[in-house]
Amino acid sequence: MASAGPAEGGRGSTLVFVSGRGGVGKTTIASECAVVASSWGMSVAVVDLDLSCGNVYAGFGVGTPVDLAKLGANGVPSIETMGRSCVRLANDSCLWGPCERPEMAEQVMPHVGRLLEYLVQRYQLVLVDTSTTFTDAVAEAVQKADRVFVVHDGAPGSIGSAGRTSSLVVRLGVARTRMVRVENVANPRAKSSLVPGISQRGLEGAPFFQVIDGGPEVQEVAAAGGIRELVREGGPMVQSVKVMLARTLAELGALPPDEDARLAANVEAKKPKFKFFSRRAEVV
């Protein structure tokens, strides 16, 4: 499919979103990043690697996504097959995945690496949503990522899952400098739930962002296909996602020449009031 891809001789940026448990907002955040990046004029490829049960398409109001199992129907997929195995989300934004039938997921996994290589050469930004279980496809995407976002919330057990996930990412050979911690919180004034010792499991020194959870209403709108509407309406959640995405792209040298993107990348972190015995300040 035609796309306004990376500059000649260049490659797009690949951002992979992982978590150790479901319901932490990973898919919503990844989907909002896609809409935001598209609004900044970037060509965007979204890949849903929750091949068995993925539902990124639902957030965009897509009734039936293209079955990604077609990739492996005739051996090694051709460029034409990979280009046609998607559904268009916007003018220059497309979605690959998941599989129509869960039992076909294993047939797709050997071809995920080839698909990601194809996309990174044709799109400025490749966003990968993943399953909570690290399949071979997820592991390969993580290894190819420019940045791996470890998403968690403040629910009991979420931090432990984030720690185990980050530890696995490190064991897959991903440098800590390529990891980002994202905490999806309902209360922006709440302290980070990072407990002593978890950073030693893979998140030590990783950039940290807080995304403002929009609550049940956001979940309902997203489930009804309203991701685009959520981004258009703005609000704290969307703004925090914009800052996270803009700063990450700026760090990668891939920030688009868009005024909104530039402003988001330069938003100053709110400085918390000084308190004795307080932990180090977190950003965003």
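The values are calculated or read from the model by the stated rules, or taken from the named source; none is laboratory data. Note that the structure is predicted; figures quoted are calculated from it, not measured. Reconstructed Cβ throughout: ideal geometry from the backbone, glycine too, with neighbour counts over all protein chains shown. Calculation scope for accessible area: heavy atoms of the full protein, side chains included, ligands and nucleic acids excluded. Shrake-Rupley method; radii C 1.70, N 1.55, O 1.52, S 1.80 Å.
Could you list, in sequence order, the residues of the range 120-138 that are touching a residue at least 12 places away in the same chain (Cβ under 8 Å), surrounded by fewer than 19 Cβ atoms within 10 Å (Cβ to Cβ) and more than 16 Å from A254 (Cβ to Cβ)?
Step one: list which residues in the range 120-138 are touching a residue at least 12 places away in the same chain (Cβ under 8 Å), which gives 120-132, 134-138.
Now narrow it down to the ones that are surrounded by fewer than 19 Cβ atoms within 10 Å (Cβ to Cβ): 121, 132, 134, 136.
Across the range 120-138, the qualifying residues are T132, F134, D136.
Take the residues of the range 139-159 that are under 20 Å from F209 (Cβ atoms) and open to solvent by 10 Å² or more (accessible area, probe 1.4 Å): which is nearest to the chain's Cα centre (by Cα)? If you could, list the steps in order and put the result at the bottom.
Residues of the range 139-159 that are under 20 Å from F209 (Cβ atoms), as a first pass: 142, 145-155, 158-159.
Narrowing further to those that are open to solvent by 10 Å² or more (accessible area, probe 1.4 Å): 146-147, 153-155, 159.
Values: D146: 11, R147: 9, D153: 15, G154: 19, A155: 20, I159: 18 Å.
Per the stated criteria, the residue is R147.
Kindly check whether there is at least one residue in the range 104-111 that is closer than 22 Å to V241 by Cβ and open to solvent by less than 60 Å² (accessible area, probe 1.4 Å).
No, the range 104-111 contains no residue that is closer than 22 Å to V241 by Cβ and open to solvent by less than 60 Å² (accessible area, probe 1.4 Å).
Across the range 137-166, what is the total count of residues that are modelled with pLDDT of 95 or more and of a type outside the set (A, V, I, L, M, F, W, C)?
5
Got a number for residues in the range 208-237 being open to solvent by less than 30 Å² (accessible area, probe 1.4 Å) and in contact (Cβ under 8 Å) with a residue 60 or more places away in the chain?
12
Any chance you could count how many residues in the range 252-263 are part of a helix (DSSP H, G or I) and in contact (Cβ under 8 Å) with a residue 40 or more places away in the chain? Break it down into steps so the answer makes sense when it comes.
Of the residues in the range 252-263, the ones part of a helix (DSSP H, G or I) are 259-263.
Now restrict to residues that are in contact (Cβ under 8 Å) with a residue 40 or more places away in the chain: 260-261.
Of the residues in the range 252-263, 2 are part of a helix (DSSP H, G or I) and in contact (Cβ under 8 Å) with a residue 40 or more places away in the chain.
Yes/no per residue for (1) modelled with pLDDT under 95; (2) polar (S, T, N, Q); (3) assigned to a helix (DSSP H, G or I); (4) open to solvent by less than 50 Å² (accessible area, probe 1.4 Å):
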{"residue": "G22", "(1), (2), (3), (4)": "yes, no, no, no"}
{"residue": "E32", "(1), (2), (3), (4)": "no, no, yes, yes"}
{"residue": "V36", "(1), (2), (3), (4)": "no, no, yes, yes"}
{"residue": "V47", "(1), (2), (3), (4)": "no, no, no, yes"}
{"residue": "D50", "(1), (2), (3), (4)": "no, no, no, yes"}
{"residue": "K70", "(1), (2), (3), (4)": "yes, no, yes, no"}
{"residue": "V76", "(1), (2), (3), (4)": "yes, no, no, no"}
